[in-house]
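A short write-up of the structure that comes next.
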Amino acid sequence: MRALVVGSGGREHALAWALSRSPDLEEVHAAPGNPGIAAVAHCHPVRADDHAALVSVARELRIDLVVVGPEAPLVAGLADELRHRGLTVFGPSAAAARIEGSKSFAKEVMDAAGVPSARTLPDARPPCVLKLDGLAAGKGVWMCRTRGELDSALKVAHAFDQPFHAEELLEGPELSLFALAAGEAAVAFPPARDYKRIGDGDTGPNTGGIGSFSPLPDVADGDAPEILETVHLPVLRELVRRGTPFQGLLYAGLMRTEDGLRVIEFNCRFGDPETQSLLPRLESDLLPLLAGDLSQQPQVAGRAAVTVVLSGGGYPERGDQGTPIEGVDAAEATGALVCHAGTALHDGRLVTNGGRILNVVGVGQTVAEARTAAYDAAAHIDFAGMHLRTDIAANV
């Protein structure tokens, strides 16, 4: 088989890396990919939003499975276009991808399915959470505990020029649960946890995700099927009832409140950077799962994985381009997996090319061991302005 991974970030690097280990995969390709992905796949200079070019590349390469990484192309209908051209795709239709593309649509589906989530408020008053309705690269959510925070959030939200709404502010630890879905059938990965705020102690603005780990101390791997039954499957059945069956990865962002689990959001693709912490734990072959064989649950090892994101100094307000990066080879020599998230080659030299630059993944028998491995490897990497949180998976 030949697979094509669409995208250029750390999540896509992790997917390409995992697929490259499949004994049944003859070739892995990526579009556009990045310098790290190029070590495990053949990269092609085609953007993820260029549907016509992606169809052409997939046909020319005789691709058996297209795996779409980012959410924006899915919401824009890339999977529909590929399927229309006779290609097998891992990723939902545009109609089903609205579960991420529109917060109001997701609320409507959850209400109809009886899945508990945060209540929508008639007006924005603190304490509350302000959410953009559409895509915002993980940065369209503001937690407002004071009037000042709310006023600041309203000003920023208005600048996005898209609808937004206020929800009740829930309290409790968050977790992510990924379900591989095909219509009303689904199997779940173990829970993972990501860190959204840029600063230690969950301070500063939200990011697209600045670190992650799995397994969790408070939600066991074995709890995944029960969560799947109460959260994902009712939503999948409701989407089928509406004539928009979901094919791909349905990702639930959840919070453990005093009243039980509540859905914060649904996404229509693998999470970033949780994927980077989950795939190194996977014992099963990823290829059959993505190709639609859901006859067995994903098998994971008892080992732990921790992902530390190295970002540019201006992230999340702005990205960083052209800054030389040193030490990746030394980090990998420690045994860590280093996923490229925002890198490029300039005159043969690795440089920054985005906001989140690299994801350093440590693996160990415990979360503490994996955390030490990740930070020890990250210490070998350096570029001007490099930022990382120092408390990923601390005190677990």
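The values are calculated or read from the model by the stated rules, or taken from the named source; none is laboratory data. Nothing here was measured: the structure is a model prediction, and the numbers come from that model. For neighbour counting, all protein chains shown are included, and Cβ atoms are generated from backbone atoms with ideal geometry for every residue, glycine included. SASA here: full protein model, heavy atoms, side chains in, ligands and nucleic acids out. Shrake-Rupley method; radii C 1.70, N 1.55, O 1.52, S 1.80 Å.
Scanning region 294-313 for residues that are part of a loop (DSSP other than H, G, I, E, B) and open to solvent by less than 10 Å² (accessible area, probe 1.4 Å) yields a single hit, 312.
Selection of region 113-133 for residues being in contact with a Lys or Arg (Cβ under 8 Å, 6 or more places away or on another chain) and small (Gly, Ala, Ser) yields 113, 117, 118. Can residue 254 be described as open to solvent by less than 20 Å² (accessible area, probe 1.4 Å) and either over 21 Å from residue 101 (Cβ atoms) or not in a strand (DSSP E or B) (or both)? Taking the combined requirement at face value, the residue does not satisfy it. Is there any pair linking a residue in region 180-206 that is on the phi > 0 side of the Ramachandran plot to one that is at pLDDT below 95 and hydroxyl-bearing (Ser, Thr, Tyr), with Cβ under 8 Å and at least six apart or on different chains, and which? No pair meets every condition. Screening residue 106 with (1) touching a helix residue (DSSP H, G or I) at 6+ places or on another chain (Cβ under 6 Å); (2) under 30 Å from residue 28 (Cα atoms) gives one miss only, at (2). Within region 204-220, the set of residues being among the aliphatic types (A, V, I, L, M), open to solvent by 10 Å² or more (accessible area, probe 1.4 Å) and within 22 Å of residue 10 (Cα to Cα) comprises just one member, 216. Do we find that residue 259 is surrounded by fewer than 17 Cβ atoms within 10 Å (Cβ to Cβ) and either on the phi < 0 side of the Ramachandran plot or in contact with a Phe, Trp or Tyr (Cβ under 7 Å, 6 or more places away or on another chain) (or both) in this structure? Yes, satisfied. Only one of the numbered conditions (1) under 25 Å from residue 32 (Cα atoms); (2) open to solvent by 20 Å² or more (accessible area, probe 1.4 Å) is not met by residue 108, and that is (1). Here 250, 239, 261, 228 are screened, and the one residue that is in contact with a His (Cβ under 6 Å, 6 or more places away or on another chain) and not charged (D, E, K, R) is 250. Within region 131-166, the set of residues being touching a strand residue (DSSP E or B) at 6+ places or on another chain (Cβ under 8 Å), closer than 27 Å to residue 341 by Cα and among the hydrophobic types (A, V, I, L, M, F, W, C) comprises 132, 137, 141, 142, 143, 156, 157, 160.
Does residue 301 meet the test of being of a type outside the set (S, T, N, Q) and over 28 Å from residue 3 (Cβ atoms)? No.
Restricting to region 369-396, and then to whatever is among the aliphatic types (A, V, I, L, M) and open to solvent by 60 Å² or more (accessible area, probe 1.4 Å), can you tell me which residue is farthest from the chain's Cα centre (by Cα)? Step by step, filter region 369-396, then rank; the result is 384. Looking only at residues of region 227-251 that are in contact (Cβ under 8 Å) with a residue 60 or more places away in the chain and farther than 13 Å from residue 109 by Cα, we find that the one that is surrounded by the most Cβ atoms within 10 Å (Cβ to Cβ) is 250. Could you tell me which numbered condition residue 356 fails, if it satisfies all but one of (1) under 30 Å from residue 90 (Cβ atoms); (2) open to solvent by 30 Å² or more (accessible area, probe 1.4 Å); (3) touching a helix residue (DSSP H, G or I) at 6+ places or on another chain (Cβ under 6 Å)? For residue 356, the failing item is (3). Scan region 35-42 and give yes if some residue there is closer than 16 Å to residue 270 by Cβ, in contact (Cβ under 8 Å) with a residue 12 or more places away in the chain, surrounded by 19 or more Cβ atoms within 10 Å (Cβ to Cβ) and touching a Cys at 6+ places or on another chain (Cβ under 8 Å), otherwise no. There is at least one residue in region 35-42 that is closer than 16 Å to residue 270 by Cβ, in contact (Cβ under 8 Å) with a residue 12 or more places away in the chain, surrounded by 19 or more Cβ atoms within 10 Å (Cβ to Cβ) and touching a Cys at 6+ places or on another chain (Cβ under 8 Å). Tell me, yes or no, whether region 85-101 has at least one residue that is under 30 Å from residue 118 (Cβ atoms), open to solvent by 20 Å² or more (accessible area, probe 1.4 Å), among the aliphatic types (A, V, I, L, M) and touching a Ser or Thr at 6+ places or on another chain (Cβ under 6 Å). Yes: one or more hits.
In the condition set (1) more than 18 Å from residue 282 (Cα to Cα); (2) in contact (Cβ under 8 Å) with a residue 60 or more places away in the chain; (3) not in a loop (DSSP other than H, G, I, E, B), residue 361 is compliant with all but (1).
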